[in-house]
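The values are calculated or read from the model by the stated rules, or taken from the named source; none is laboratory data. Since the structure is predicted, the reported quantities are computational estimates derived from the model, not experimental observations. Cβ placement follows ideal geometry from the backbone for every residue including glycine, while neighbour counts extend to all protein chains displayed. Only protein heavy atoms, including side chains, enter the accessible area calculation; ligands, DNA and RNA are left aside. Shrake-Rupley method; radii C 1.70, N 1.55, O 1.52, S 1.80 Å.
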Amino acid sequence: MVLGGGLPKGALAVILGPPGSGKTTLACQIAFAAAQRGEKVLFLTALSEPTAKFLAHLRPYSFFAEDLVGHTVHVFSIQQFIPQEGPIMGQAIVAEVRRLQASVVVLDGFQGLRDHETDFVAARHLLYDLGTQLSLFGTITLVTAEADPRDATLFPEMTTADVLIGLYNTLLGVHTHRSLEVLKLRGKALLAGLHGLTINESGIHVFPRLETRLRRPFTVGWDKKTPSASPAKRATFGLPELDTLLGGGLTRYTGTVLTGNPGTGKTLLALQFLLAGVAEGEPGMFLGFRETADQLIQSRRTSRGSSSCSTLCL
């Protein structure tokens, strides 16, 4: 969703982030998803990480498929493509991709290659050559690099990339907050800004920010099946006396705050407002920080008896 449907075929995608931000995990999760579809994948591990150690780190994840390794997933060390003297053999990598007919290539640890090449122009040429030649085969190239996604010193090299994905791992007090940002995406409409990200045993999960998912101004009717409400018609609480005090209800497309001491009925009045909308055929959403959905439903039944909540999302 953040990428506007996924990585374009033949794209050169660079994943940037600090240590532990999930760069390798994200690249591997994308690659194994392709392998599960029957596509060939080539992994080139970093200079600092042996192949056996690389695979051992992937085994705890549910997306890792041991039976695919050596068949549709091929793992090699980048070391074998580096001669004792001279630049990294980009042509050798291209030849290996052609031999395997790989649809996805993961080059893990570009920072190590960048340090190996004393001439930064050579590193940029390597990215350009790989991206250009592999794109002719329709191969997606994923490159991970340990760097600040907004480090200006990387900009000359990153101009060769079709996609730039930044991962962040920010310390907020005693807690860490993970997030993802697509800095660049050629040919597609992306969801800009930071989006939430978590990592667990099943891999990486991305949570796009709600406001970026709204393609048009908010209206009650999202499709033809849901009746639209006229902006002139106010949103009522279903309480005639209160609605009269409010001039017929709340003005649409505005924000309202209910304030009061504990036990004064704030939550109950909010639920009353939502269910009044449901009665008019308008979908509603209740986001709570204290009570569970079952507790809210029980309190509603206690107050006024059972009511239908089929279009109210708790």
**Fill in**
Placing each pseudo-label 7 Å from Cα in the direction of the beta carbon, Gln295 and Leu172 end up separated by a distance in nanometres of 2.3 nm
**Request:** Please work out how much accessible surface Thr244 shows to a 1.4 Å probe, ignoring ligands, DNA and RNA, in Å² rounded to 10.
**Result:** 110 Å²
**Point-to-point label distance, Thr254-Tyr128, nm (Cα→Cβ direction, 7 Å offset)** = 5.8 nm
**Extension gain (nm, one decimal) between Leu210 and Glu241, 0.36 nm per residue minus Cα-Cα** = 7.7 nm
**Item:** Karplus (6.51, -1.76, 1.60) ³J(HN,Hα), θ = phi - 60°, over region 245-260, in Hz, Gly and Pro reported as x
**Value:** 4, 8, x, x, x, 7, 5, 5, 6, 10, x, 10, 10, 9, 10, x
**Fill in**
Computed D for region 1-51, Stokes-Einstein, Kirkwood radius over alpha-carbon pairs, 25 °C, 0.890 mPa s, to the nearest µm² per second, is 193 µm²/s
**Asked** For region 1-79, with the dipole built from +1 on Lys and Arg beta-carbon atoms and -1 on Asp and Glu ones, taken about the Cα centre, which of His71, Ile15, Ala35 lies farthest toward the positive end?
**Response** Ile15
**Asked** How much accessible surface does Glu66 have with a 1.4 Å probe, in Å² rounded to 10?
**Response** 90 Å²
**Amide H contacts of Gly17 (H built 1.01 Å from N, under 5 Å, at least 5 apart or other chain)** = Ala145, Ala147, Leu167
**Request:** Sticking with the crude label model, points 7 Å out along Cα→Cβ, report the distance from Leu194 to Leu269 in nm, one decimal please.
**Result:** 3.4 nm
**Percent of Cα pairs exceeding the 16 Å cut-off, where the set is region 14-83** = 48 percent
